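The values are calculated or read from the model by the stated rules, or taken from the named source; none is laboratory data. Please read these numbers as outputs of a predicted model, since none were measured by experiment. Cβ placement follows ideal geometry from the backbone for every residue including glycine, while neighbour counts extend to all protein chains displayed.
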Amino acid sequence: MTSSLQDTEFYNDIDLSFTKAWDLIEPGASKRSSAAHTPVVGTVDGDGVPQLRVMVLREADRNMRRLRFHTDLRSTKIGEIALNSNASVLMYDAGERLQLRLGGKAILATDPEAVNIAWSGSTPFARRCYMSEMAPATPSEGPTSGLPQWIEGRQPDEAQLSDARENFALLLFEVRSIEWLFLANMGHRRARWDWQDENSSWTGRWLVP
Ligand SMILES: Cc1cc2nc3c(=O)[nH]c(=O)nc-3n(C[C@H](O)[C@H](O)[C@H](O)COP(=O)(O)O)c2cc1C
């Protein structure tokens, strides 16, 4: 535990708690050791069943209320969000004793320029995943990486990666609510902020933990 109540000015301050939440989320995109780097992303499938998976946070911006993830365009989650864009993102920072539950909408980015920038900004090894010949979750007769055999264990060059670009997708998450749970021996704190479209602002309130 890194936080004692003396250092946690946000303990009884809802605005500071909000700032603290984003201070935890935003650096998660670049700080690999951070809890926010690999949140759990939840979608809902066609049967109404929640589907959860870990994803790497690539970018977070409090002013845009947006998170960015990378995924395979052929993956199951892409079909799910086309049917139902409701999504949630969960992170727990054990050092900070802080759980954040984000609610919002998952959106497939369609701007080709934005997709190209994200594609070329990723490492060749990260982009190699998109060289998989079959869609993710396709049943296989035996154990498989899905990759063509000649690239297994090797780093692809730009020419070898060019066909994989069409499998690469940007998944954006528009944050519409943030729920905060701070664990403290003195007594936990829970709060929730909801985005108000009418006046383009967040409304926050304390909740009983
Ligand atoms: C540490 C870790 C990081 C991951 N990062 C991503 C990611 O950034 N994008 C992604 O699509 N899947 C990522 N995955 C794989 C997903 O958890 C999931 O297995 C995959 O996306 C298939 O999900 P779906 O069938 O619901 O579409 C990651 C898994 C782990 C364990």
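Miscellaneous remarks
- Selection within the stretch 95-132 - over 30 Å from THR19 (Cα atoms), surrounded by 11 or more Cβ atoms within 10 Å (Cβ to Cβ) and of a type outside the set (A, V, I, L, M): ASN116, TRP119, SER120, PRO124, ARG127, ARG128, CYS129, TYR130, SER132
- Any hit, the stretch 23-40, residues being surrounded by fewer than 18 Cβ atoms within 10 Å (Cβ to Cβ), of a type outside the set (A, V, I, L, M, F, W, C) and touching a residue at least 40 places away in the same chain (Cβ under 8 Å): no
- Residue in the stretch 165-175 that is within 16 Å of LEU207 (Cα to Cα) and touching a residue at least 24 places away in the same chain (Cβ under 8 Å) present: no
- Evaluation of SER3 against the conditions (1) at pLDDT below 95; (2) loosely packed, with under 15 Cβ neighbours inside 10 Å shows that the sole unmet condition is (2).
- Residues of the stretch 152-186 satisfying the condition of being surrounded by 15 or more Cβ atoms within 10 Å (Cβ to Cβ) and aliphatic (A, V, I, L, M): LEU161, ALA164, ALA169, LEU170, LEU171, LEU172, VAL175, ILE178, LEU181, LEU183, ALA184
- Here SER201 meets the list (1) buried (at least 18 other Cβ atoms within 10 Å of the Cβ); (2) closer than 25 Å to ALA106 by Cα almost entirely, failing just condition (1).
- Of all residues in the stretch 133-144, those satisfying the criterion of being farther than 16 Å from VAL56 by Cβ and either among the hydrophobic types (A, V, I, L, M, F, W, C) or surrounded by 14 or more Cβ atoms within 10 Å (Cβ to Cβ) (or both) are MET134, ALA135, ALA137.
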